[in-house]
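**Student:** First the structure, then my questions, so here it is.
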Amino acid sequence: MPDLLTDLREAVGPAHVLTEPADVAAYATDWRGAYGGIPLAVVRPASTAEVSVVVRLAHDAGVAVVPQGGNTGMCGGAVPSGDGSQLVISLGRMRSVREVDAAGGTITVEAGMVLADVQAAASAVDRLFPLSLGSEGSCTVGGNIATNAGGTAVLRYGMMRSLVLGLEVVLPDGRVWDGLRSLRKDNTGYDLTQLFIGAEGTLGIVTAAVLTLHPATPARATAWVALPSVAAAAALLPVLREYAAERLTTWELVARPALDLVIAAGLHDPLSSDAPWFGLIELAGPTGATVDDDLERALGAAVEADLVLDAAIAGSPAQRAGLWALRERVSEAQESLGPTIKHDVSVPITSLDELVTRLAPALEKALPGIRPIIYGHVGDGNLHYNLSRPASLDPDAFLSRSVELSAIVHDCTVELGGSISAEHGLGSGKAAAAAAYKSEVEVELMLAIKRAIDPDGLMNPGKVLPLR
């Protein structure tokens, strides 16, 4: 494609059209090394106008494009195919804050802005942008929107879908839809903003967004608790809500094997309990909020009801950080066990216990010695049910069983009224599986939307939907 590459260099500058293998390597694979491809080129536009030109040139040449933000995804959603035919469009140079409206409670940012920088910009005006993820130091707003990211504060603030008011999107033919509106109410037709959230770049490329800000919550109360069961964790949620109401921000769950991994990696165990399950609770409120008293009363009631076996409450910012590390370091610690088969599932909260109770024997029967490493978000019924290989099994042999083992997890999840993807998106890794669990009508509706907006199938092909 010499003519296309020449036109792209003219559009964004030669330094920002990468073709050498050493230059494109970081964009050609995901951060875990689980998915990889070969891009035709990596283009790094600096503005919406440049993205528009790049997409139009690719469209006219019949070349597919793959949008990419921080490239921290879990399902291969931002990785090109392996045939060298697709153009990666990296939004990493688009990191500006366009506007902050503290009084109106909004911030308008470009899609390449790192999530932690959005949080900092909100904090600078005494506001809170509540989306919080383990990868917040490297993931970007565009990727968060594309996958409808969740994180640890969904219980209180909702998914990314609940935090976006308006979008600016470059469409498959290069046109720009300017939907950067900060309105809370707009009943003038289809909600196009919501259509692009969670679409993983298959309908267009998000280049900027109006995000909702919330009042700052400097008062924090955090506890690490030992639990007798997942059923107790689910039953504890209404107790926490009774005492904390809207101040309850986080209720996370960690299984014993997952905790053992982070302790082995050098983290401090605040309880030294042999309980099978553990949890992280956090209340947050404005200055002067009685979050410490609320948490102590809630935990007292939980102990009396035999829902909590033991608890440690953070008495300083350092102790709070230590408790959070027990939850946030699980994924990293699991890497010590070798390759992982990851699952990001959700079920009704009351079905969490049945999910883990049914899966354990089914997986052990399929592959004796398999090691489930489980953690997640009790408040929204979302578990990261990850699988590590038996110690005696070769890594490649383990990964060769991934389809079979994932089917066991997904079948049980769907039987309990759940979803096989709660917050990580589908990418290429789960597209076919997701379609298999949807009704024919639902798949046809999704395909109809895709064909209407991207009739040539050039926007991130093979992602979300198994067909283009």
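**Student:** Hey, how many Å between the Cα centroid of the range 164-191 and the Cα centroid of the range 419-455?
**Tutor:** Each part reduced to its Cα centre gives a spacing of 22 Å.
**Student:** Which FRET efficiency, nearest 0.05, do S336 and D411 yield, Cβ-Cβ r, R0 22 Å?
**Tutor:** Efficiency computed from Cβ-Cβ geometry: 0.15.
**Student:** Give me the extension gain from T357 to R297: residue separation times 0.36 nm, minus the current Cα-Cα distance, reported in nm with one decimal.
**Tutor:** Full extension from T357 to R297 adds 18.6 nm.
**Student:** Continuing with the same structure: Calculate the spin-label point distance for S182 paired with R256, positioning each point 7 Å from the Cα along the beta-carbon direction, and give it in nanometres.
**Tutor:** Taking the two extended label points, one gets 5.2 nm.
**Student:** Of S428, L416, V206, which is farthest on the positive side of the dipole of the chain, counting Cα position, with +1 on Lys and Arg Cβ, -1 on Asp and Glu Cβ, and the Cα centre as origin?
**Tutor:** Comparing the listed Cα positions along the dipole, V206 ranks first.
**Student:** Count the net charge of all other residues whose Cβ sits under 15 Å from the Cβ of G84, scoring Lys and Arg as +1 and Asp and Glu as -1.
**Tutor:** -3
**Student:** Then there's this: With +1 on each Lys and Arg Cβ and -1 on each Asp and Glu Cβ, and nothing else charged, work out how big the dipole of the chain is about its Cα centre, in Debye to the nearest 20.
**Tutor:** Computed about the Cα centre, the dipole is about 300 debye.
**Student:** At what distance in angstrom do the alpha carbon centres of the range 316-358 and the range 203-240 lie from each other?
**Tutor:** Using only Cα atoms, the two centres lie 14 Å from each other.
**Student:** Once phi is turned into θ = phi - 60°, what whole-Hz ³J(HN,Hα) does the Karplus curve with 6.51, -1.76 and 1.60 give for every residue of the range 448-455, x standing for Gly and Pro?
**Tutor:** These are the phi-based 3J(HN,Hα) values: 5, 5, 4, 5, 5, 8, 10, x Hz.
**Student:** A further question on this structure: What is the local net charge at V97, summed over the other residues whose Cβ is closer than 13 Å to its Cβ (Lys, Arg +1; Asp, Glu -1)?
**Tutor:** Residues near V97 contribute -1 overall.
**Student:** Also, quick follow-up: Just from the alpha-carbon atoms, what are the Rg and Dmax of the range 338-424 in angstroms?
**Tutor:** Taking only Cα atoms of the range 338-424, I get Rg and Dmax of 12.4, 37 Å.
**Student:** How would you order 442-450, 288-296 from highest to lowest mean count of nearby Cβ atoms within 10 Å?
**Tutor:** 288-296, 442-450
**Student:** Using only C-alpha positions, report the orientation-averaged shadow area of the convex hull of the chain, nm², one decimal. Display every interim value, and only then the final one.
**Tutor:** Numbers: hull surface 89.5 nm².
The number I arrive at for the chain is 22.4 nm².
**Student:** Next question. Stokes-Einstein diffusion coefficient for the range 1-79 at 20 °C in a medium of 1.002 mPa s, Rh from the Kirkwood formula over Cα pairs: what value in µm²/s? Intermediate values should be presented prior to the final figure.
**Tutor:** Details: Rh = 13.1 Å.
After rounding, the answer is 164 µm²/s.
**Student:** 7 Å from Cα along Cα→Cβ at both E440 and S229: what's the point-to-point distance in nm?
**Tutor:** In this crude label model, E440 to S229 measures out at 4.2 nm.
**Student:** In deg cm²/dmol, rounded to 500, what helix-only [θ] at 222 nm does the chain give when every DSSP H run of at least 4 residues adds -39500 (n - 2.57) and the total is split over its residues?
**Tutor:** -10500 deg cm²/dmol
**Student:** Hey, another quick one. Beta carbons within 10 angstrom, averaged per residue: use that to sort the peptides 19-28, 139-148, 377-386, 349-358, highest first. All intermediate terms of the calculation are to be shown ahead of the outcome.
**Tutor:** Details: 19-28: 13.7, 139-148: 28.0, 377-386: 23.4, 349-358: 18.5.
Ranking the peptides 19-28, 139-148, 377-386, 349-358 by packing returns 139-148, 377-386, 349-358, 19-28.
**Student:** If the only charges are +1 at each Lys and Arg Cβ and -1 at each Asp and Glu Cβ, what is the size of the charge dipole of the range 1-123 around the Cα centre, to the nearest 20 debye?
**Tutor:** Dipole of the range 1-123, to the nearest 20 debye: 220 debye.
**Student:** Hey, with R₀ at 22 Å, roughly what FRET efficiency would A26 and A120 work out to, going by the Cβ-Cβ distance, to 0.05?
**Tutor:** 0.35
**Student:** On to the next question. Could you tell me the largest-minus-smallest coordinate of the C-alpha atoms of the range 95-218 on each of the three principal axes, in descending order and whole angstroms?
**Tutor:** Answer, in whole Å and largest first: 44, 29, 28 Å.
**Student:** Could you tell me which residue out of A302, T108, T48 lies farthest along the dipole of the chain toward its positive end? Charges go on the beta carbon: Lys and Arg +1, Asp and Glu -1, centred on the Cα centre.
**Tutor:** So the residue furthest toward the plus end is T48.
Each reported figure results from applying straightforward, stated rules to the coordinates on display, with no laboratory input. Just so we're clear, the structure is a prediction, and the values are computed from it rather than from any experiment. Every residue, glycine as well, gets a Cβ built from its backbone with ideal geometry; the counts of neighbours run over all protein chains shown.
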